[in-house]
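The values are calculated or read from the model by the stated rules, or taken from the named source; none is laboratory data. Source: prediction; values computed, not measured. Neighbour counts are summed over all protein chains in view; Cβ atoms, including those assigned to glycine, are modelled from backbone coordinates with ideal geometry.
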Amino acid sequence: MLRFSSTDGGRTASTTTTILQMPGEIQGQSHFISNFSFGPDGKLYVHMGDGFDYTTAPNLNSFRGKILRMNTNGTPATDNPFYNAADGITARDYIWVYGLRNPFGGGWRASDNSHYEVENGPSVDRFAKVASGRNMGWDNSDASMSTFAIYNWSPAHAPVNIQFVQPSTFSGSGFPFASRTMRS
């Protein structure tokens, strides 16, 4: 992962800083980093696909098939569920959620302070609420895309992101609150 800085308003990169090296994790033509965002805790959440290798999703020694959680400088958040600095910093230290195929996007819902993700499957897509340390169950089967799903698209529609219309995001919907007056 790289951080680019600009001195001309974003037209060109003036500096490039590597914030996370993922040794042995080849970035292929698809199923790689597809979305990242900042959570209400100020941490960076990175949605990482399985790289077309479903065995990486449940493997806690791989960055692939996960939602990674880190500080803005690229170090793992020390309260991540599998963090253990005593054994050296590895993929396991960055993992917040695992067992994903191709998490294409995610968003925070303020009303329950929870993170939700949309995920592309081979023929079934998933919309799910995620939780720290959760195995989302991807095992190379369409059936596994229903694990923890709030909704499944079947056949697949390839959702690419999610955003909640709420006051904390884009100033809400932009529509004024309607008065709710009961009339008899």
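Against the definition (in contact with a helix residue (DSSP H, G or I) (Cβ under 7 Å, 6 or more places away or on another chain) and either surrounded by 19 or more Cβ atoms within 10 Å (Cβ to Cβ) or in contact (Cβ under 8 Å) with a residue 60 or more places away in the chain (or both)), how does Leu100 come out, yes or no?
Values: in contact with a helix residue (DSSP H, G or I) (Cβ under 7 Å, 6 or more places away or on another chain): no; either surrounded by 19 or more Cβ atoms within 10 Å (Cβ to Cβ) or in contact (Cβ under 8 Å) with a residue 60 or more places away in the chain (or both): yes.
So Leu100 does not fit the description; no.
Return a yes/no flag: does region 1-9 have any residue that is surrounded by 16 or more Cβ atoms within 10 Å (Cβ to Cβ) and either among the hydroxyl-bearing types (Ser, Thr, Tyr) or within 18 Å of the chain's Cα centre (by Cα) (or both). Spell out the reasoning first.
Here is the first cut: in region 1-9, the ones surrounded by 16 or more Cβ atoms within 10 Å (Cβ to Cβ) are 1.
Cutting the leftovers down to either among the hydroxyl-bearing types (Ser, Thr, Tyr) or within 18 Å of the chain's Cα centre (by Cα) (or both) gives us 1.
Taking every residue of region 1-9 in turn, at least one turns out to be surrounded by 16 or more Cβ atoms within 10 Å (Cβ to Cβ) and either among the hydroxyl-bearing types (Ser, Thr, Tyr) or within 18 Å of the chain's Cα centre (by Cα) (or both).
Let me confirm something: among Arg126, Arg101, Arg64, which residue is assigned to a strand (DSSP E or B) and touching a strand residue (DSSP E or B) at 6+ places or on another chain (Cβ under 8 Å)? Explain how you work it out, then say what you get.
Details: Arg101 fails: assigned to a strand (DSSP E or B); Arg64 fails: assigned to a strand (DSSP E or B).
Of the residues listed, the single one that is assigned to a strand (DSSP E or B) and touching a strand residue (DSSP E or B) at 6+ places or on another chain (Cβ under 8 Å) is Arg126.
Within 24 Å of Gln163 (Cβ to Cβ) and surrounded by fewer than 17 Cβ atoms within 10 Å (Cβ to Cβ): which single residue out of Asp79, Asp87, Asp41 fits that description?
Asp41
Could you list, in sequence order, the residues of region 54-76 that are closer than 16 Å to Arg134 by Cα and either in contact with a helix residue (DSSP H, G or I) (Cβ under 6 Å, 6 or more places away or on another chain) or surrounded by fewer than 16 Cβ atoms within 10 Å (Cβ to Cβ) (or both)?
Within region 54-76, Leu60, Asn61, Ser62, Phe63, Arg64, Gly65, Leu68 qualify.
For His47, all conditions in the list (1) under 23 Å from Glu119 (Cα atoms); (2) outside any strand (DSSP E or B); (3) not hydrophobic (A, V, I, L, M, F, W, C) hold save one; what is the number of the exception?
(2)
Which condition number does Met70 fail, the rest of (1) touching a Ser or Thr at 6+ places or on another chain (Cβ under 8 Å); (2) in contact (Cβ under 8 Å) with a residue 12 or more places away in the chain being met?
The number of the failed condition is (1).
Please determine, by comparing only the residues of region 44-53 that are surrounded by 19 or more Cβ atoms within 10 Å (Cβ to Cβ) and out of contact with any helix residue (DSSP H, G or I) (no Cβ under 6 Å at 6 or more places or on another chain), which one is modelled with the lowest pLDDT. Step through it out loud before you land on a result.
In the first step, residues of region 44-53 are kept if they are surrounded by 19 or more Cβ atoms within 10 Å (Cβ to Cβ); the result is 44-51.
Checking which are out of contact with any helix residue (DSSP H, G or I) (no Cβ under 6 Å at 6 or more places or on another chain) leaves us with 44-49, 51.
Working: Leu44: 92, Tyr45: 93, Val46: 92, His47: 92, Met48: 91, Gly49: 91, Gly51: 87.
Filtering first and then ranking leaves Gly51.
Within region 81-92, is even one residue in contact with a helix residue (DSSP H, G or I) (Cβ under 9 Å, 6 or more places away or on another chain), part of a loop (DSSP other than H, G, I, E, B), hydrophobic (A, V, I, L, M, F, W, C) and under 21 Å from Pro23 (Cα atoms)?
The answer is yes, given that some residue of region 81-92 is in contact with a helix residue (DSSP H, G or I) (Cβ under 9 Å, 6 or more places away or on another chain), part of a loop (DSSP other than H, G, I, E, B), hydrophobic (A, V, I, L, M, F, W, C) and under 21 Å from Pro23 (Cα atoms).
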